[in-house]
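Reviewing the structure listed below.
The values are calculated or read from the model by the stated rules, or taken from the named source; none is laboratory data. Bear in mind that the values here come from a model prediction, so they are computed numbers and not experimental data. Counting neighbours? That spans all protein chains shown, and the Cβs are built from the backbone with ideal geometry, glycine included.
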Amino acid sequence: MKKKSPDYLLLLLLFNIIALGLFALASASSVISQSIYGHPYRYFIEQIIFGFLPGIVVAIFLFKVPLDYLRKWAPLFLAINLFLLGLVFIPFFGETIRGATRWINLGPLSFQPAELLKLTFVLYLASWLAARTNKSSKKVSSINETFFPFLMVSGVISLILYLQPDMSTLIVILFTALVMYFMARTPFYHTVAFIVAGMVLAWGAIKVAPYRMARIHGMLNPDLDPLGTTYQAKQMLITIGSGGITGLGLGMSQQKYGLLPLPMNDSIFAVMAEEMGFIGCVALIFLFLAFFIRGLSIAQKSKDQFVRLVVIGISTWIFVQAFVNIGAMVGVIPLTGIPLPFISHGRSHIIVELAAVGILLNASKYYEKK
C-alpha cells in the first residue's frame, strides 16, 4: 500500500452538508430553545460543543489509527456495544423517552448505544466477511460458513433493537449489512434468502404493533386523520410545499412555531425545505448522493477486502439513513424517528457519524502500488 493525501472532495462534500445543516438547526431550534431556556441558540450551541467538537476529535483519532487495529479489535467493539445496548433495559441506567427505551442516562450525559452500533457492526461485519471470503471458493459458498452465522448475528441485533423499540435504526443497519454481505461476493441466493426472511419478519412486526400499520395508512393517505394519527405527516407536507422553488429565506419558517412536531430533530428536513425551497432540497440530496458515490469510489480503489467493505458499509449507512429520513418527510415511506445525518439535533449520532467519516478519510489515504 502506498500513502497519499486524504480525499479532499469527500471532506468538501461533508463540509457543505454540515454548513447547510447548521443554518437549518439554528432556525429550527430557535423557538423551542427560546421557550425553554430564554435563549434562541442554546440547542445550536450545545450541538456544536457537545456534538461536533467531540465528533471531530474522535474523527481525527480514527483518521490516524492504522486500519488493521480496527480490524483486530472489531469483535471487541461490537461486544462492548451489545453490552451497552443491554444496559438500556436496566432501570438505573436506561431512560425511556416518548415510549422508547433507547438511551443510557449517566446524570448530565446521555447517549444512544444504537447509534454506535451502526459503526461497530459495520467494522465487525467487514472483519468477519473479509476473513471468510478470503478462503477458498468452496468455503465461501458454504451456508454454514457464511449465511447462518450472518443470520444469527443479525437476528440478535434485530431482537435487541425490536425490544427498544427502534425499528428505523434496525432497517438502516440490516440494509447496510445486506449490501456488505452481497458486496463480499457471497452467493446471490444467500442475499435473496435473507431478503425473503426479512420481509416475513417485517410483516410480522407490523401486524403485532397497530401503530406501525397506522403509519403505513398515514403515508398512503395523509388526510385520513389530519388532527390525529396523520397530523405529523400532513404538517410535514404542508411545510415542504410552502417553501416553493426558492424558499421563504433562512430563519423565516412559519411551521416551526408549534405547528410542526420535532422541527429540530426528525422533521428538520421539512424546515430546510420551507426556508431553502426546492432548490435547497435538491442541493442537499445531491450532496448526500455525491457523498455516497465518492465513498464507493474510495472502496473501488482499495484491494484490501476489509477496508473495501468498511467503506461500502459506512457510505451505504449514511446514504440510506438520509434517504429514510427524507423519504419519510415527503411521504414516500412511513414515518420514522431516525435523524438526518450530520444535521438533526442530537449528540450521539453526530459523534458516531463524524467518527465514521474519519475512517473513510483514513481509508482514502492509501492506494495500491502499480
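Listed here are the residues, each with its yes/no results for (1) at negative phi; (2) at pLDDT below 90; (3) touching a strand residue (DSSP E or B) at 6+ places or on another chain (Cβ under 6 Å).
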residue	(1), (2), (3)
Phe93	yes, yes, yes
Arg102	yes, yes, no
Leu125	yes, no, no
Lys139	yes, yes, no
Ile157	yes, no, no
Met167	yes, yes, no
Thr176	yes, no, no
Ala193	yes, yes, no
How about segment 347-363: which of its residues are farther than 16 Å from Asp68 by Cβ, at pLDDT below 95 and among the small types (Gly, Ala, Ser)?
Ser348
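What are the residues in segment 1-36 that are within 16 Å of Tyr257 (Cα to Cα), without any contact (Cβ under 8 Å) to a residue 12 or more places away in the chain and not polar (S, T, N, Q), if any?
As a first pass, look at segment 1-36 and keep what is within 16 Å of Tyr257 (Cα to Cα): 24-36.
From what's left, without any contact (Cβ under 8 Å) to a residue 12 or more places away in the chain: 33-36.
Within segment 1-36, Ile36 is the sole residue that qualifies.
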Filtered residues of segment 162-181 (kept if surrounded by fewer than 22 Cβ atoms within 10 Å (Cβ to Cβ), without any contact (Cβ under 8 Å) to a residue 60 or more places away in the chain and hydrophobic (A, V, I, L, M, F, W, C))
Leu174, Leu178
Where residues in segment 184-204 are in contact with a Ser or Thr (Cβ under 9 Å, 6 or more places away or on another chain) and either aliphatic (A, V, I, L, M) or in a loop (DSSP other than H, G, I, E, B) (or both), which of them is farthest from Glu115 (Cα to Cα)?
Pro187
Being among the small types (Gly, Ala, Ser), touching a helix residue (DSSP H, G or I) at 6+ places or on another chain (Cβ under 7 Å) and farther than 30 Å from Arg71 by Cα is the filter here, so list the residues in segment 264-308 that pass it.
Ser267, Ala270, Ala273, Gly280
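Do we have Ser297 as over 30 Å from Arg102 (Cβ atoms) and either modelled with pLDDT under 90 or hydrophobic (A, V, I, L, M, F, W, C) (or both) here? Steps first, please.
On the way: over 30 Å from Arg102 (Cβ atoms): yes; either modelled with pLDDT under 90 or hydrophobic (A, V, I, L, M, F, W, C) (or both): no.
Against the criterion (over 30 Å from Arg102 (Cβ atoms) and either modelled with pLDDT under 90 or hydrophobic (A, V, I, L, M, F, W, C) (or both)), Ser297 does not qualify.
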Subset tally (residues that are over 14 Å from Ala356 (Cβ atoms) and in a helix (DSSP H, G or I)) for segment 58-70:
3
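Of all residues in segment 216-242, which are within 18 Å of Ser29 (Cα to Cα) and at pLDDT 85 or above? Before you say what the answer is, go through the steps one by one.
From segment 216-242, those within 18 Å of Ser29 (Cα to Cα) are 232, 235-236, 239-240; that's our starting set.
Result: Thr239, Ile240.
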Test set (1) farther than 23 Å from Ser168 by Cα; (2) surrounded by fewer than 24 Cβ atoms within 10 Å (Cβ to Cβ) - Leu360 fails condition number
(2)
Please work out which residue is surrounded by the most Cβ atoms within 10 Å (Cβ to Cβ), limiting yourself to segment 1-32 and to residues that are more than 22 Å from the chain's Cα centre (by Cα) and part of a helix (DSSP H, G or I).
Ser27
Within segment 307-334, residues being at positive phi and surrounded by 24 or more Cβ atoms within 10 Å (Cβ to Cβ) number 0
